[in-house]
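First the structure, in the form of structure tokens, and then the observations on it.
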DNA sequence: AATTATTTTGCAAAAATTTTCAGGTTTGTG
DNA sequence: CACAAACCTGAAAATTTTTGCAAAATAATT
């Protein structure tokens with residue numbers, strides 16, 4: 001990894017989380033703590049961040065706490081993201097939807113992962129292309145303005161031609177009886193195609209989406225291979241899903 | 001392998017992945033590291049990439065992290081944007097490239113305009129979808145990390161199936177003799193298809209891009225219907241273009 | 001086709017940069 | 001205060017770059 005690249009990565013991390021720990025960075029990037037320290041020091045000299053004992057802070061830290069940049073229940077989504085990463089393998093083809101949970105996932109992808117990510121979500125793709133080792137494929141078609149995702153028959157057709165190893169769905173409603181459901185007809189069409197095309201399907205959902213139903217069905221619960229929530233897998237609310245044959249993380 | 005094609009290969013790789021390692025390139029191309037280094041140095045001198053210890057980075061990668069957020073000669077680009085808007089008509093199908101000039105244009109679209117915009121540029125599309133009356137179509141394919149635009153045969157194929165009323169090109173180099181040229185092989189392929197498919201072609205270029213040439217040609221000057229710069233159309237430098245049959249705004 | 005000129009490439013030793021390591025010192029915390 | 005974690009300093013180790021030069025390849029000329 002190039003020095004410049006590493007520093008850019010650190011800077012991005014600082015701006016994202018408002019702080020970084022030297023110890024965390026050095027295991028993550030796989031260099032000695034000395035190197036990290038020197039990087040932080042150099043970045044501090046350039047005024048890009050503030051060096052503190054044990055790590056560094058972003059400049060905007062003192063200002064308003066805009067870290068909670070509007071994302072609803074961000075910490076839960078971070079937890080989901082971390083679990084989701086365990087599903088990834090080297091060289092995988094991964095198809096993802098959009099949404100804030102997916103976005104959180106996109107931001108926490110491990111640095112050294114080499115894989116191909118396919119998505120119709122503009123915000124998700126914008127995150128993916130920041131990653132040094134991930135190849136990104138955007139699915140084209142008409143864009144749904146409120147979800148910032150490509151929808152339409154062309155997009156669906158394109159998805160049908162693929163056979164991704166894993167499909168990761170941001171989920172708005174999931175229920176044993178009604179399966180995965182959503183409220184936007186066009187997005188549902190797309191997600192249906194995604195589920196159909198993929199070898200394996202993972203649904204990301206914060207707990208409050210469990211056992212809720214939306215008007216239009218994406219797929220039955222038996223199409224879902226993995227369900228990932230912020231809860232511990234032995235939580236009561238998750239047991240019915242496990243009984244239904246879903247792997248719960 | 002000739003020097004020229006080797007450098008073209010390197011440049012292509014930088015534009016696509018945002019970085020290259022000298023060590024990786026030399027095993028890949030099967031030349032000594034010295035040769036690669038010399039290539040990178042030459043390309044850096046020509047301003048095509050940024051040489052760093054151990055390899056090279058794309059320009060956009062560096063900008064993102066060195067955060068010189070101010071758009072270069074923004075006021076000129078605003079002026080160009082304003083003129084470009086006069087070309088737009090109700091209900092038009094407009095195909096656009098990416099780039100900062102296009103982005104400025106995207107921001108200044110009149111509120112009432114109803115039209116369909118097609119693009120492979122992620123930043124441009126992000127602007128277009130802010131607009132209440134514009135339908136946006138994203139062209140899908142692999143994403144070039146440097147230019148944040150979709151490139152590849154799928155994208156070209158998609159463009160070939162369309163017949164847009166107007167093609168608006170952000171232009172890096174335009175010259176009477178050599179026409180419109182650019183340095184990024186992948187992007188050139190895409191722009192060629194855009195020009196070929198469209199009924200009318202408009203090139204946006206700030207004055208300093210006039211009478212400059214880049215290595216790869218997109219199209220001859222006679223394919224350009226309209227040239228838009230920040231200058232007054234009766235400026236001396238523009239007269240040759242008018243004589244060549246280009247409408248100058 | 002052969003010769004000459006020019007460019008390009010590969011090599012090796014030395015220089016520079018970057019990373020790691022080893023030690024002693026400082027800092028934060030209970 | 002004690003103790004662990006983080007820091008600093010300087011030097012070694014590893015990697016990349018520079019430099020000059022000769023061999024090889026390419027282009028131009030006879």
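The values are calculated or read from the model by the stated rules, or taken from the named source; none is laboratory data. As the structure is a computational prediction, the values presented were derived from the model and not from experiment. Note: ideal-geometry Cβ built from the backbone for every residue, glycine included; neighbour counts use all protein chains shown.
Annotations
To keep it simple, each residue is scored yes or no on (1) surrounded by fewer than 22 Cβ atoms within 10 Å (Cβ to Cβ); (2) not assigned by TED's automatic domain parsing to the domain that holds residue A:228.
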residue	(1), (2)
A:41	yes, yes
A:56	no, yes
A:79	yes, no
A:82	yes, no
A:118	no, no
A:123	yes, no
A:134	yes, no
A:146	yes, no
A:157	yes, no
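- Residue in segment B:188-199 that is closer than 19 Å to residue B:118 by Cα and outside any helix (DSSP H, G or I) present: yes
- Elements of type strands (runs of 3 or more DSSP E) contained in segment B:1-60, each with 3 or more residues being within 12 Å of another protein chain (Cβ to nearest Cβ) and under 23 Å from residue B:142 (Cα atoms): B:19-21
- The one condition in (1) closer than 23 Å to residue B:138 by Cβ; (2) within 13 Å of chain B (Cβ to nearest Cβ); (3) surrounded by fewer than 21 Cβ atoms within 10 Å (Cβ to Cβ) that residue A:100 fails to fulfil: (2)
- For residue A:108, the requirement of being modelled with pLDDT under 95, more than 16 Å from DNA strand D (Cβ to nearest atom), more than 30 Å from residue A:201 (Cβ to Cβ) and touching a helix residue (DSSP H, G or I) at 6+ places or on another chain (Cβ under 9 Å) is not met.
- Here residue A:129 qualifies as farther than 27 Å from residue A:209 by Cβ and either within 14 Å of another protein chain (Cβ to nearest Cβ) or surrounded by fewer than 18 Cβ atoms within 10 Å (Cβ to Cβ) (or both).
- Here residue B:94 fulfils each of the conditions (1) near DNA strand D (Cβ under 10 Å from one of its atoms); (2) part of a strand (DSSP E or B) apart from (1).
- Residue among B:210, B:166, B:227, B:204 that is out of contact with any helix residue (DSSP H, G or I) (no Cβ under 8 Å at 6 or more places or on another chain), surrounded by 19 or more Cβ atoms within 10 Å (Cβ to Cβ) and in contact (Cβ under 8 Å) with a residue 12 or more places away in the chain: B:166
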